[in-house]
1. Looking at segment 101-111, is at least one residue among the aromatic types (Phe, Trp, Tyr) and within 16 Å of the ligand (Cβ to nearest atom)?
2. Which residue pairs have Cβ atoms under 9 Å apart, sit 6 or more places apart or on different chains, and have a first residue in segment 341-356 that is within 21 Å of Pro206 (Cα to Cα) and a second that is of a type in the set (Lys, Arg) and crowded, with 24+ Cβ neighbours inside 10 Å?
3. Which is out of contact with any Lys or Arg (no Cβ under 7 Å at 6 or more places or on another chain) and surrounded by fewer than 24 Cβ atoms within 10 Å (Cβ to Cβ), of Val300, Val256?
4. Mind checking which residues of segment 350-373 are more than 12 Å from the ligand (Cβ to nearest atom) and either basic (Lys, Arg) or not in a helix (DSSP H, G or I) (or both)?
5. If I filter segment 78-97 for residues that are farther than 30 Å from Leu177 by Cα, of a type in the set (S, T, N, Q) and either surrounded by 18 or more Cβ atoms within 10 Å (Cβ to Cβ) or touching a residue at least 40 places away in the same chain (Cβ under 8 Å) (or both), do I get at least one hit?
6. Identify the residue in segment 244-267 that is among the charged types (D, E, K, R) and within 16 Å of the ligand (Cβ to nearest atom) and, among all such residues, is farthest from Asp314 (Cα to Cα).
7. Could you figure out which of (1) surrounded by fewer than 24 Cβ atoms within 10 Å (Cβ to Cβ); (2) touching a Leu at 6+ places or on another chain (Cβ under 8 Å) isn't true of Met220?
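The values are calculated or read from the model by the stated rules, or taken from the named source; none is laboratory data. Every value quoted in this text rests on a predicted model; they were computed, and no experiment measured them. A quick note on method: Cβ atoms are made from the backbone with ideal geometry, for glycine too, and the neighbour counts reach across all protein chains shown.
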Amino acid sequence: MDPRVQQFMAMIKARNPGENEFHQAVQEVAESLIPFIEENPKYKHAKILERIAEPERTIIFRVPWLDDKGEVQINRGFRIEMNSAIGPYKGGLRLHPTVNLGILKFLAFEQVFKNSLTTLPMGGGKGGSDFDPKGKSDNEVMRFCQSFMSELFRHIGADTDVPAGDIGVGGREIGFLFGQYKRLKNEFTGVLTGKGIEWGGSLIRPEATGYGATYFAQEMLSTRGGSLKGKIISISGSGNVAQFATEKVSELGGKVVTSSDSNGFIYDPKGIDAEKLNFIMELKNVRRGRIKEYAEKYGVEYFEGKRPWIIKCDIAMPCATQNEINEEEAKLLVKNGCNCVSEGSNMPSTPEAVEVFLNAQILYGPGKAANAGGVATSGLEMTQNSMRLPWSREEVDEKLQTIMKNIHKTCVKYGTKDSGFINYVDGANIGGFVKVANAMIAQGVV
Ligand code: NDP
């Protein structure tokens with residue numbers, strides 16, 4: 001490792017002990033940025049890298065609620081307000097039993113660069129709780145969300161901090177959270193994104209992350225004269241991002257052959273068509289069942305406790321969670337002919353897996369660029385809320401496509417090496433950094 005990166009990381013680890021995912025995210029960015037900062041000393045003198053890795057504010061709070069049996073349950077709530085140099089804090093809320101400070105700091109840190117890449121005026125934040133919505137009744141989820149918002153409401157606002165969904169937070173949860181915010185503040189504002197279409201939501205927002213990751217794959221493929229048409233695609237996850245990536249990939253002529261949840265994955269060599277995708281959507285969004293049922297219904301293979309990367313594919317789109325592709329799986333993907341990875345989830349590839357992709361010089365689109373379509377469309381939702389005027393489906397989709405193309409262009413600008421190889425990791429990290437860093441310098445030591 002570059003000794004400058006090593007020294008910086010020693011400081012980060014000492015200041016943030018035990019926060020492994022946060023260390024991982026910061027190190028990846030530091031490896032891209034430290035050589036760039038050496039060439040641009042104004043960032044070094046202003047200690048931008050040191051400042052950007054320290055949250056502006058971290059809020060941790062108790063979330064007590066009553067379950068259906070009348071028993072008291074206690075969870076922990078978080079909001080990391082990471083950086084507001086270019087706009088109000090913006091980033092999702094995650095509800096999952098694994099949630100802790102380190103995971104949310106990694107997500108908030110990534111969000112700063114991602115939001116900057118979208119070209120929209122949004123700072124970075126992230127939040128959530130270790131509450132597990134799985135197996136809970138709608139009433140329990142509502143009581144949890146109301147309790148969570150009863151503390152969070154004093155820290156957020158349409159011009160201060162605008163949360164959205166993430167793992168475990170979809171339309172149902174945003175509804176409960178918004179209802180409680182409105183009741184406490186007595187105002188109807190765009191304080192959350194991912195809202196229902198009847199009450200301030202944007203068309204295409206639910207689709208945006210999956211669609212955007214697909215558009216990004218298309219842009220990457222086009223640099224080598226390729227496209228999605230006729231390609232075999234492996235997708236992990238079966239939640240919001242995975243569902244709409246599957247839809248858009250199929251629409252553009254690709255064949256998606258896998259779907260997964262935390263228990264295992266299904267392999268459907270004939271491809272997941274529109275009717276089968278409808279089954280997954282009903283299974284996951286309404287009945288809240290397991291992906292195994294797909295195998296039972298369509299008579300395909302189910303792999304318990306496994307991830308989809310053992311299946312031969314041309315393109316891989318991880319859309320479940322962090323660190324879901326390890327070194328061995330990355331090697332297998334490359335060996336099996338996979339030449340493009342577009343990340344729908346945040347930090348799905350371990351550092352070793354990223355190295356495998358970069359060494360093999362395949363098209364590798366890191367999450368902070370490839371999945372930025374979600375937050376970009378949240379930004380478009382904020383714009384429509386401010387104007388009090390909704391855009392049509394076509395208008396939003398067109399803007400989303402333009403934003404994804406521009407993010408790709410930024411990555412090419414900052415990531416193209418002398419050999420012509422586009423290192424999208426460097427491209428996204430440096431491209432996302434410059435705007436935030438310049439704004440921080442302009443605003444003084446704050
Ligand atoms: P959902 O909760 O809708 O779906 C998550 C999916 O991933 C589910 O199939 C879930 O399976 C699976 N999953 C979750 N945790 C694990 C785990 N530890 N191991 C294996 N599988 C797991 O979330 P989203 O689709 O919204 O988010 C997926 C990813 O995309 C996350 O990394 C998120 O940060 C990222 N992202 C989301 C955006 C959005 O707009 N929603 C925007 C940008 C990034 P199970 O049901 O069994 O838990």
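1. Scanning segment 101-111 turns up at least one residue that is among the aromatic types (Phe, Trp, Tyr) and within 16 Å of the ligand (Cβ to nearest atom).
2. Glu343/Lys368; Asn346/Lys114; Asn346/Lys368; Met347/Lys368
3. Val300
4. Result: Thr350, Ala360, Gln361, Ile362, Leu363, Tyr364, Gly365.
5. No, there is no match, as no residue in segment 78-97 is farther than 30 Å from Leu177 by Cα, of a type in the set (S, T, N, Q) and either surrounded by 18 or more Cβ atoms within 10 Å (Cβ to Cβ) or touching a residue at least 40 places away in the same chain (Cβ under 8 Å) (or both).
6. Filtering first and then ranking leaves Asp261.
7. Against the list (1) surrounded by fewer than 24 Cβ atoms within 10 Å (Cβ to Cβ); (2) touching a Leu at 6+ places or on another chain (Cβ under 8 Å), Met220 comes up short only on (1).
To keep it simple, each residue is scored yes or no on (1) modelled with pLDDT under 95; (2) of a type in the set (D, E, K, R); (3) closer than 26 Å to Pro348 by Cα.
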position: Phe22; (1), (2), (3): no, no, yes
position: Glu38; (1), (2), (3): no, yes, no
position: Tyr43; (1), (2), (3): no, no, no
position: Lys69; (1), (2), (3): no, yes, no
